[in-house]
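Note sheet for the following structure.
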Amino acid sequence: MRENSSRRHAKMPLDVIPEPTPDSRTTFILKGLRPAFSGPGDVDFSCGNCGQILIEGAGEGLAIDDVVIKCPNCGSFNEIAPLYV
Ligand SMILES: [Zn+2]
């Protein structure tokens, strides 16, 4: 049997921002330590403060734009800039 080591994910920290004004941004508040999205891509986005994975497998075919995610681990608000996707 061959080792399958082809599943490498690049890890990119997101930008931590102050808590957005309610209703001003699309905000995901995660309730568990699981990613908000999981896709087939090869980039993981992590909390810019603690490194918790917030989005797993981003890349082509996963369109996430102008979204704020509250980290379930440390409570930081992480912004996904449109330029990432
Ligand atoms: Zn965090």
Using a 10 Å cut-off around each Cβ, can you sort T26, T21 from fewest to most neighbouring Cβ atoms? T21, T26
If the chain between R34 and C74 were fully extended at 0.36 nm per residue, the gain over the current Cα-Cα distance would be 13.1 nm
Using only C-alpha atoms and all pairs of different ones, pull out the Kirkwood radius for the range 10-84 in Å with one decimal. 12.1 Å
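Each value in this text was obtained by applying a stated rule to the coordinates, not by laboratory testing. Treat the numbers as computed from the prediction; the structure is a model and nothing was measured. Every residue, glycine as well, gets a Cβ built from its backbone with ideal geometry; the counts of neighbours run over all protein chains shown.
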